[in-house]
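Q: Structure provided below as structure tokens; questions to follow.
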Amino acid sequence: MKFLHRMQAVCLILLTVISVSAQRITLKPEVEEKIDKLLSQMTLEEKLGQMTQFSGANSMNETMIREGKVGSLLNIRDAKEANRLQRIAVNESRLGIPLIFGNDVIHGYRTIYPIPLACAASWDTALVRQAAKIAGEEARAEGTHWTFAPMVDIARDPRWGRIAEGAGEDPFLGSAMAKSFVTGFQGKTLTGQSSVLACAKHFVGYGAAEGGRDYNTTDMSERTLREIYLPPFKSAVYAGAGSLMSAFNDLSGIPASANRFTLTDVLKNEWQFNGFVVSDWNSIGELVAHGIASNATEAGVAALKAGVDMDMEGRAYSDGLATLIRQGKVPESLPKIRDAVRRILRMKYELGLFDQPFTDEILAKSVILSPENLNIARSLAAESFVLLKNDRDLLPLAKNIKTLAVIGALADNQDALLGTWECEGKAADVVTILQGIRSAVGKTTKVLYDPETSGLVVNENRSGFASAVAAAKNADAVVLVLGESRDMSGEAASRAVLNLPGVQEELAKEIIAVGKPVVVVLIAGRSLTIPWLVENAQAILMGWAPGIQGGNAIADVLFGDVNPGGKLPVTFPRSVGQIPIYYNHKNTGRPANAFYKFSSKYIDEKSTPLFSFGFGLSYTTFRYSGLKVIADRLTSNDTLKVRVNLMNSGKRKGAEVAQLYIRDLIASVTRPVKELKGFQRVVLQPGEEKMLEFSIPITEIGFYDSMMKYVIEPGKFEVMVGGNSDELVSTDFEVIQSEEK
Ligand code: GLC
């Protein structure tokens, strides 16, 4: 009996040790036992098969599925077709291991909501989670088990087209968004037909591409890696993300898809990640081009050793590796293969695919493009818009305005509003800005629009100018819609200049010269350099790429049904020459000083950005007062408690994102002039005042010291609160050694 009690005690301890926090992937003994059994039955080829993912279905893939040599497919977006292929895997292969179907469900499956950069601009973590939830529901209903999202790459360079896909430049906001997307996609359980496995990508540092040029080299200190680029991935893993995707980029000399330090030391060991890592599209095979492998199989060995578990469209694991292993040339690969297959099978069990490998083919009809999904897309779009300028309170416009001219290449454009990575989104589903305005205005309002001005955004065609100017002359106000086409941001869409493409700025000059009130609505997947517009347009609304309900959401804001409350997740540079320019920069030894030549600045450009991180106006005004810290001397075991009064000092109900920044004034390494460490999105009625309280564990304001040890150093700190990263009220506190308390 004694032995039995001891064994029960051991099991209890094992269970406690194994099952980490509820949110994270826990190792379930019963599942691990099933995996052990499967592994013992699998041939080497079948194991390498689970580690292989192909795109689409063709006779070769189907044969390989039948032979147990494929573990996953991507780009199958139809429940019926997915079931057909799944039947081959489950009914015709030797062990019947189900396929896992992956797709790029980045910001919606068919109900396309705003691009992720716009989602971040809402700072509404709850609504973003809801949007991810509906995306997961629609995707799963059409046979997708796994989304290659959220993309959580920090991006400080708007030349990089993929800035559109992430949450912008800040690790704290990026971490909050990562958690929202992961918990939205994955829901409370991965089994059943309403959630999908998340995949935080691209691990890691991809957004630091030199020159903002996609796929380019990245090179950074371990401190920058750990303090800026890794945090959103850690947040995704701690939120329970079941997979990550390794990136294309060379990371400080070791490609991210062959980087043992990041993939194994940090991800799998330090963070105890129990899911699996899929490569990006042939990013293993590209190790040959990087020059660290002479052929695909050598690349496969390098990626396997580093910790990549599945090869997307690369054949690095499926071809050649088995032969090398049988020849005894890569003995150390076997345990890596075993671990990789275990991780992949673990997620297939988490998804319930062994019990329910097939999708209910009638589900999609009731889920896709449902009214509630459209409403979420519309609300999130409206919350994502950032009011950049509103001189003389031009906005909101009156719905009974007599004559309104709607002008610009994107005014009636459906495709541009979808944004990059539109998955199954259809341009035909999109409500354009013109349509949204037409449905919003009163019956007596005359809306002037000439399709002639709807030319491509990049053309040099001025033929529509005359009619546009005529429309402006006949109108009481003008809505001028300018920006980028859908394919000007996203993957492989880096831009060397960030002006309005084509002749749009010339059009703007002619329209504004007419002298009527002009509201500019910007549609783009990135920040743009628009100093002339900012100087001369009376009002500017950043609309990003707002998704299929974009036109209605723009109208909701233009006519005041929604008071804009978005805040910039990225800095807007004045000119490309300022890039990289971001808010959490170091002070330098010679901070920019307009009155001192020998300070860090340009002779031909201002040092300040056009708009700062966290900036966004409202139709009302907010006032911060009474900032105080509850205790101003704290040890590393304490929590900093900050209180501030926020009042809606204007005449309209509105949402404000109160942001909290800290600055470590003196430390053993240089620290940023400010770092976002908290935010609260608050809706207040006119005249309403609310006391906000922020709690920041002191352990969260540390940094990596000169020995790369995470430390909390005693010393003075500044804490700042406000509605953007520039206009802040501040006070200070001190971190002390525990014995000083
Ligand atoms: C692409 C992208 C990646 C995407 C994958 C599958 O190249 O880099 O984000 O998930 O291929 O489409």
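Q: Looking at segment 134-154, can you tell me whether even one residue there is in a helix (DSSP H, G or I) and under 21 Å from V386 (Cα atoms)? Step through it out loud before you land on a result.
A: As a first pass, look at segment 134-154 and keep what is in a helix (DSSP H, G or I): 134-141.
Going one step further and asking which of them are under 21 Å from V386 (Cα atoms), we end up with none.
No, there is no match, as no residue in segment 134-154 is in a helix (DSSP H, G or I) and under 21 Å from V386 (Cα atoms).
Q: Out of the residues in segment 53-69 meeting the condition of being within 16 Å of the ligand (Cβ to nearest atom) and in contact (Cβ under 8 Å) with a residue 60 or more places away in the chain, tell me which one is nearest to R346 (Cα to Cα).
A: Within segment 53-69, the match that is nearest to R346 (Cα to Cα) is Q53.
Q: If V308 satisfies all but one of (1) more than 17 Å from F203 (Cβ to Cβ); (2) open to solvent by less than 60 Å² (accessible area, probe 1.4 Å); (3) part of a loop (DSSP other than H, G, I, E, B), what's the number of the condition it fails?
A: (1)
Q: Residues of segment 350-364 being open to solvent by less than 40 Å² (accessible area, probe 1.4 Å) and out of contact with any Asp or Glu (no Cβ under 8 Å at 6 or more places or on another chain), which ones? First the steps, then the outcome.
A: We begin by selecting, within segment 350-364, every residue open to solvent by less than 40 Å² (accessible area, probe 1.4 Å); these are 351-353, 357, 359, 364.
Result: L351, G352, L353, P357.
Q: Report whether or not A427 is free of Cβ contacts under 8 Å to residues at least 24 places away in the same chain and not aromatic (F, W, Y). Spell out the reasoning first.
A: On the way: free of Cβ contacts under 8 Å to residues at least 24 places away in the same chain: yes; not aromatic (F, W, Y): yes.
When the stated conditions are applied, A427 passes them.
Q: In segment 305-318, which residues are in contact with a strand residue (DSSP E or B) (Cβ under 9 Å, 6 or more places away or on another chain) and more than 13 Å from the ligand (Cβ to nearest atom)?
A: Within segment 305-318, A306, G307, V308, D309, R315, A316, Y317, S318 meet the criteria.
Q: Further question: For segment 721-734, give me each residue that is open to solvent by less than 10 Å² (accessible area, probe 1.4 Å) and within 14 Å of V642 (Cβ to Cβ).
A: V721, G722, F733 - these are the residues of segment 721-734 that are open to solvent by less than 10 Å² (accessible area, probe 1.4 Å) and within 14 Å of V642 (Cβ to Cβ).
Q: Among the residues that make up segment 29-43, is at least one of them assigned to a loop (DSSP other than H, G, I, E, B), within 26 Å of A427 (Cα to Cα) and not acidic (D, E)? First the steps, then the outcome.
A: Quick first cut of segment 29-43, residues assigned to a loop (DSSP other than H, G, I, E, B) only: 42-43.
Keeping just the survivors that are within 26 Å of A427 (Cα to Cα) gives none.
No, the conditions are met nowhere in segment 29-43.
Q: In the set A468, A411, which member is away from the ligand (no atom under 16 Å from the Cβ), in contact with a strand residue (DSSP E or B) (Cβ under 9 Å, 6 or more places away or on another chain) and either open to solvent by 20 Å² or more (accessible area, probe 1.4 Å) or part of a helix (DSSP H, G or I) (or both)?
A: On the way: A411 fails: either open to solvent by 20 Å² or more (accessible area, probe 1.4 Å) or part of a helix (DSSP H, G or I) (or both).
Only one candidate qualifies: A468.
Q: Inside segment 238-284, can you point out the residues that are open to solvent by less than 10 Å² (accessible area, probe 1.4 Å), polar (S, T, N, Q) and within 14 Å of the ligand (Cβ to nearest atom)?
A: Correct list: S243, S246, N249, S257, S279, S283.
Q: Output the residue which, of all residues in segment 336-349 that are of a type outside the set (V, I, T) and within 16 Å of L263 (Cα to Cα), is least open to solvent (accessible area, probe 1.4 Å).
A: Within segment 336-349, the subset of a type outside the set (V, I, T) is 336, 338-340, 342-343, 345-349.
Okay, now just the ones that are also within 16 Å of L263 (Cα to Cα), so 336, 339-340, 343.
Numbers: K336: 59, D339: 58, A340: 0, R343: 22 Å².
If we take residues in segment 336-349 being of a type outside the set (V, I, T) and within 16 Å of L263 (Cα to Cα), then A340 is least open to solvent (accessible area, probe 1.4 Å).
Q: Checking S40 against (1) open to solvent by 30 Å² or more (accessible area, probe 1.4 Å); (2) in contact with a Leu (Cβ under 9 Å, 6 or more places away or on another chain), which test does it fail?
A: Single failed check for S40: (2).
Q: Select from segment 537-574 the residues that are part of a loop (DSSP other than H, G, I, E, B) and among the polar types (S, T, N, Q) and write down the one among them that is farthest from L117 (Cα to Cα).
A: Q538
Q: Being away from the ligand (no atom under 16 Å from the Cβ), surrounded by fewer than 20 Cβ atoms within 10 Å (Cβ to Cβ) and of a type outside the set (V, I, T) is the requirement here; does S221 meet it?
A: Numbers: away from the ligand (no atom under 16 Å from the Cβ): yes; surrounded by fewer than 20 Cβ atoms within 10 Å (Cβ to Cβ): yes; of a type outside the set (V, I, T): yes.
Yes.
Q: Can we say A89 is away from the ligand (no atom under 16 Å from the Cβ) and more than 27 Å from the chain's Cα centre (by Cα)? Give the derivation first.
A: Values: away from the ligand (no atom under 16 Å from the Cβ): yes; more than 27 Å from the chain's Cα centre (by Cα): yes.
Against the criterion (away from the ligand (no atom under 16 Å from the Cβ) and more than 27 Å from the chain's Cα centre (by Cα)), A89 qualifies.
Q: Of all residues in segment 569-593, count the ones that are small (G, A, S) and open to solvent by less than 50 Å² (accessible area, probe 1.4 Å).
A: The first filter runs over segment 569-593 and keeps only residues small (G, A, S), leaving 575, 577, 589, 592.
Narrowing further to those that are open to solvent by less than 50 Å² (accessible area, probe 1.4 Å): 575.
Total satisfying the criteria: 1.
Q: Also, quick follow-up: Looking at N75, N103, can you tell me which residue is closer than 30 Å to G525 by Cβ and open to solvent by 10 Å² or more (accessible area, probe 1.4 Å)? Before the answer, list the steps.
A: Working: N103 fails: open to solvent by 10 Å² or more (accessible area, probe 1.4 Å).
After ruling out the rest, the residue left standing is N75.
Q: How about segment 129-180: which of its residues are in contact with a helix residue (DSSP H, G or I) (Cβ under 8 Å, 6 or more places away or on another chain), among the charged types (D, E, K, R) and either closer than 30 Å to I701 by Cβ or within 16 Å of the ligand (Cβ to nearest atom) (or both)?
A: Passing the criteria: R129, D153, R156, D157, R162, E165, K179.
Q: Looking only at segment 209-229, decide whether some residue is closer than 19 Å to N259 by Cα and under 11 Å from the mean Cα position of the chain (by Cα).
A: No.
Q: When you scan segment 190-207, do you find a residue that is open to solvent by 10 Å² or more (accessible area, probe 1.4 Å) and under 18 Å from the mean Cα position of the chain (by Cα), even just one?
A: To start, the set of residues in segment 190-207 that are open to solvent by 10 Å² or more (accessible area, probe 1.4 Å) comprises 190-194.
Now narrow it down to the ones that are under 18 Å from the mean Cα position of the chain (by Cα): none.
Among the residues of segment 190-207, not one is open to solvent by 10 Å² or more (accessible area, probe 1.4 Å) and under 18 Å from the mean Cα position of the chain (by Cα), which makes the answer no.
Q: Would you confirm, using the coordinates I've provided, whether T444 is open to solvent by 40 Å² or more (accessible area, probe 1.4 Å), out of contact with any strand residue (DSSP E or B) (no Cβ under 7 Å at 6 or more places or on another chain) and of a type in the set (S, T, Y)?
A: On the way: open to solvent by 40 Å² or more (accessible area, probe 1.4 Å): yes; out of contact with any strand residue (DSSP E or B) (no Cβ under 7 Å at 6 or more places or on another chain): yes; of a type in the set (S, T, Y): yes.
Criteria met by T444.
Q: Can you tell me how many residues within segment 181-197 are basic (K, R) and either under 29 Å from E484 (Cα atoms) or in contact with a helix residue (DSSP H, G or I) (Cβ under 7 Å, 6 or more places away or on another chain) (or both)? Let's see the steps before the verdict.
A: Step one: filter segment 181-197 for residues basic (K, R), giving 188.
When the remaining residues are screened for being either under 29 Å from E484 (Cα atoms) or in contact with a helix residue (DSSP H, G or I) (Cβ under 7 Å, 6 or more places away or on another chain) (or both), the result is none.
Count: 0.
Q: Another question, if that's okay. Filter segment 487-525 for residues that are of a type in the set (K, R), closer than 18 Å to G408 by Cβ and either open to solvent by less than 30 Å² (accessible area, probe 1.4 Å) or in a loop (DSSP other than H, G, I, E, B) (or both) and give the result. Spell out how you get there, then give the answer.
A: Of all residues in segment 487-525, those of a type in the set (K, R) come to 495, 509, 516.
Next, only the ones that are closer than 18 Å to G408 by Cβ stay: 509, 516.
The one that is of a type in the set (K, R), closer than 18 Å to G408 by Cβ and either open to solvent by less than 30 Å² (accessible area, probe 1.4 Å) or in a loop (DSSP other than H, G, I, E, B) (or both): K516.
Q: Within 16 Å of the ligand (Cβ to nearest atom), outside the structural domain of A496 (by TED's automatic domain parsing) and in a loop (DSSP other than H, G, I, E, B) - does that describe any residue in segment 224-237?
A: No, segment 224-237 has no match at all.
Q: Checking R681 against (1) open to solvent by less than 50 Å² (accessible area, probe 1.4 Å); (2) in contact (Cβ under 8 Å) with a residue 40 or more places away in the chain: exactly one of these is not met. Which one?
A: (1)
The values are calculated or read from the model by the stated rules, or taken from the named source; none is laboratory data. Worth saying up front: this structure is predicted, and the values here are computed from it rather than measured. Counting neighbours? That spans all protein chains shown, and the Cβs are built from the backbone with ideal geometry, glycine included. These area figures cover heavy atoms from the full protein model, side chains too; ligands, DNA and RNA do not enter into them. Shrake-Rupley method; radii C 1.70, N 1.55, O 1.52, S 1.80 Å.
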